[in-house]
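Values in this text are rule-based calculations from the coordinates and carry no lab data. All of these numbers come straight from a predicted model, not from anything done at the bench. Positions of Cβ are generated from backbone atoms using ideal geometry, with glycine treated the same way; all protein chains shown enter the neighbour counts.
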């Protein structure tokens, strides 16, 4: 004889069956949701691949913006990482293309470091004087030479001077000297203009230099005297650690650029000297990508 379930047992059994149905339904819904999301992501990826292909071909801002917008629709972390890296590459190519098609020319007054009083090692302060003069600051190279922080060529322990801390040796050349890097020059510039106008963009890409020039702002830089990479770099031991230097270092004021060349005021006495752009950038990067400009007042 079949045993009948009690009322309580029937109620429990019904609850269990209901729970099983609910769990099964939720699982099915989740499966379908994931499948739908997966299909949606696949569609986005397919669209993104086509957009990347177009953007890589045109390098147009609108096409690249479309790619950037579509990447934000992705939810898969691997896809986000993959396409974000691809976007960085294509964005860099776009900037390079834009920069290569642009040009600028600025009329900056020329100063010669060899004019009396001569500053045989004074290309950095002479170039700074040109940039300050352009910004209506009446200052001479000699005044800057006297104001720049200096450090010995070598101290009593045999450690070399650090061009990041001051002008190493003699600016005039009456005794041996090397030169100075961007840090003390930027600091010196703040003695004559508001510090918020002095923009030290050292260590950044050449595109930042291009931007400054495009906005009509000449740029002080450290490069080599040949305007191309040199093979006589050496490492100095300083109190702050090793520093890469060359006695072929030189400072100029960039006054313009076009697709193939840069233009510069050379403190050796040449205004708007034409230099191959690729060679110049290579030498500039070898010297640590040092650059300073003074932002225009509105």
Legend entry - Hydrodynamic radius by Kirkwood, which averages 1/r over all alpha carbon pairs of segment 237-298, in angstrom: 13.6
Inset, instruction - Taking the chain as the reference, fit the longest principal axis to its C-alpha atoms, fit the long axis of helix 77-100 to the helix C-alpha atoms, and give the angle between the two in degrees, 0 to 90, nearest 10. - result: 30
Legend entry - Stretch gain in nm, segment residue 197-residue 11, where the contour uses 0.36 nm per residue and the Cα spacing is subtracted: 58.9 nm
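Any idea what the relative contact order of the chain is, in percent, if you count C-alpha pairs under 8 Å spaced at least 6 apart?
18
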Inset, instruction - Output the antiparallel fraction of DSSP beta bridges having both residues in the chain, as a percent to the nearest 5. - result: 90
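Contour minus end-to-end for residue 230 and residue 103, with contour as 0.36 nm per residue of separation and end-to-end as the Cα-Cα distance?
Full extension of this stretch gives 43.0 nm more.
Just want the ordering: 211, 156, 124, 285, from fewest to most Cβ atoms lying within 10 Å of their own Cβ.
156, 285, 211, 124
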Legend entry - In degrees, nearest ten, helix 123-134 long axis to first principal axis of the chain (Cα): 80
Inset, instruction - Take 293, 83 and order them by how many other Cβ atoms sit within 10 Å, fewest up front. - result: 83, 293
Inset, instruction - Send over the per residue convex hull volume for the chain, Cα only, as a whole number of Å³. - result: 260
Legend entry - For segment 207-273: span of alpha carbons on each principal axis (Å, largest first): 39, 23, 20
Inset, instruction - Using only Cα atoms, find the angle between the long axis of helix 7-58 and the longest principal axis of the chain, and express it within 0 to 90 degrees, rounded to the nearest 10. - result: 30
Inset, instruction - Calculate for the chain the 222 nm mean residue ellipticity that helices alone would give, adding -39,500 (n - 2.57) per DSSP H run of length 4 or more and normalising by residue count, nearest 500 deg cm²/dmol. - result: -15000 deg cm²/dmol
